[in-house]
Amino acid sequence: MFEIVIMLLPVAAASGWYVASTHYKSKTKKPSNEYEGYFKGLNYLLNEQPDKAIDVFINLLEVDDETIETHLALGTLFRQRGEVEKAIRLHQNLIARPQISHQIRTNLLNELGLDYMRAGLLDRAESIFLELEKEPLHQVHALQQLLSIFQQEKEWLNAIEYLNKLELMLNQKQPILLSHLHCEAALLYQEKNEVLSTTKYLRKALKIDPKCVRANLISAEIAIDNAEFKQAIKYLLKIKDQDVRFVPVFIDLIINCYEQLGKPKQTFEFLAELQKYNESTGVMSRFLEVLLKQKGAAEASEFMREKLVKYPTKSYLKLYAQIDNGQINDEATFLRTIINQLDEELPSFKCQQCGFSSVDLNWCCPSCKQWGVIEPVLV
Ligand SMILES: [Zn+2]
């Protein structure tokens, strides 16, 4: 029952609003065809054909400065209820009327643009907001919508252009978003093998936001692709000064570069330094591996025992159990088997804006769509 009431809400609004508006607006006698139309609408309503009833009521109404707010409210109601097709039909129908003023038309266009966005019809929304961008009253909102559309369409150069316009208009900088858009543009040029443009956009990203970890990561990945491992390490180590929490995320890239250059001493020094301020399992396991290989089981075992006393965690216990220290008695083997079966604790990332958690690093949060808000969670 309640659902039926909710379903008929817009219809009731439309018919009630029609009655109210005709009551106030006209003291003169109504033409009979208008009353016919009203009863036709009521008839549709009684026969449970709410869509047709709404069309009839809407067609009967005048659109002017007094009734426009009600029309817009009805359209918003449809859109919020997810009935986007009805909202689109309502707004298209109203825009098509020849007698509406310029201001009413632009208000309706704005609503139609939002309908199209909600329906995922981004091309149509784009042409509407491009038109509204020229209207002083709608300019800021149109620029915001276009910025969102260009991001969804992955048209990064347009997104940069519109964010620049918006920043200028609002006198408000958004460096994190702007630098990520430059990183996306750089990747676009990288795909086309346009080296100069790729470098230009990465440099710009860092100029806009000197803390942009991603720009250095992309530069490092390009250097690795070109077998320029020394250069890649330079970029990756810059991340330490930008946001030290991200270094463990790219730890394997760094180790791989040192290995490619045949620099085991540098690998050891890098990890020994890193584990002093980052005691995550990821860092510890890599350091332990190098320690074992370069200094032997006794030193590795001693190191891990000290860590375990300080931090008696499940992850550290597993690392300790993995060290083959030559004890091959039954008890040692039994303990090692059990410890290795303990749950794996995966390193993960968390959005500082909405709390979204993931195993993979996303530069743009899949949940709240904000850029640069996902940070590593230390495990
Ligand atoms: Zn988020």
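Order the following by accessible area, largest value first: D243, D123. Probe radius 1.4 Å; ligands, DNA and RNA are ignored.
From most accessible down to least: D123, D243.
Just the number please: accessible area per residue for segment 94-157, 1.4 Å probe, all protein chains included, in Å².
Computed with neighbouring chains in place, this is 49 Å² per residue.
Tell me the accessible surface of Y44 in square angstrom (1.4 angstrom probe, heavy atoms of protein chains only), to the nearest ten.
50 Å²
Carbon and sulfur together cover what percent of the accessible area of segment 173-262 at a 1.4 Å probe radius?
The nonpolar share, carbon plus sulfur, comes to 52 percent.
Explain nothing, just the number: dipole magnitude of segment 87-168 about its Cα centre with +1 on each Lys and Arg Cβ and -1 on each Asp and Glu Cβ, in debye rounded to the nearest 20.
340 debye
Quick one: net charge around N43, please, counting Lys, Arg +1 and Asp, Glu -1 for every other residue with C-beta under 14 Å from its C-beta.
-2
Taking a threshold of 18 Å on the Cα-Cα distance, which of the pairs K204/K240; K265/K293; K276/K310 fall above it?
Distance filter (> 18 Å) returns K204/K240.
For segment 170-291, what is the accessible area per residue in Å² when the probe is 1.4 Å?
52 Å²
Rounded, prolate or oblate: which one fits segment 70-192, using the alpha carbon gyration tensor with axes a ≥ b ≥ c (rounded when a/c is under 1.5, else prolate when a/b beats b/c, else oblate)?
prolate
If r is the Cβ-Cβ distance from E161 to K263 and R0 is 56 Å, what FRET efficiency results, to the nearest 0.05?
0.80
List every residue whose amide H lies under 5 Å from the amide H of V373, counting only residues 5 or more places away in sequence or on a different chain, with H placed 1.01 Å from N in the peptide plane.
Hits under the 5 Å cutoff: C365.
For segment 173-262, what is the Kirkwood hydrodynamic radius in Å, using each pair of distinct C-alpha atoms?
Final number for the Kirkwood radius of segment 173-262 is 13.2 Å.
Full extension from E191 to D243: what is 0.36 nm times the residue separation minus their Cα-Cα distance, to one decimal in nm?
This chain segment gains 16.0 nm when fully extended.
Each residue of segment 92-97 in turn: what ³J(HN,Hα) in whole Hz from Karplus with 6.51, -1.76, 1.60 and θ = phi - 60°, glycine and Pro shown as x?
Coupling constants for segment 92-97: 4, 4, 6, 5, 5, 6 Hz.
As an exercise, find the ratio Rg/Rh for segment 97-140 from alpha-carbon atoms, using the Kirkwood inverse-distance average for Rh.
Reported Rg/Rh (Cα atoms, Kirkwood Rh): 0.99.
With an 8 Å cut-off on Cα pairs and a minimum separation of 6 or more residues, tell me the relative contact order of segment 85-211 in percent.
Once divided by the residue count of segment 85-211, the mean separation gives 14 percent.
Just how far, in whole angstrom, is segment 204-265 from segment 301-325 if you go by their alpha carbon centroids?
Taking the Cα centre of segment 204-265 as reference, the centre of segment 301-325 is 29 Å away.
Please give the charge dipole size of segment 201-312, origin at the Cα centre, charges +1 on K and R Cβ atoms and -1 on D and E Cβ atoms. Round to the nearest 20 debye.
340 debye
The values are calculated or read from the model by the stated rules, or taken from the named source; none is laboratory data. Since the model is a prediction, treat every value here as computed from it, not as a measurement. Glycine gets a Cβ as well: all are built from the backbone with ideal geometry, and neighbour counts include every protein chain shown. Only protein heavy atoms, including side chains, enter the accessible area calculation; ligands, DNA and RNA are left aside. Shrake-Rupley method; radii C 1.70, N 1.55, O 1.52, S 1.80 Å.
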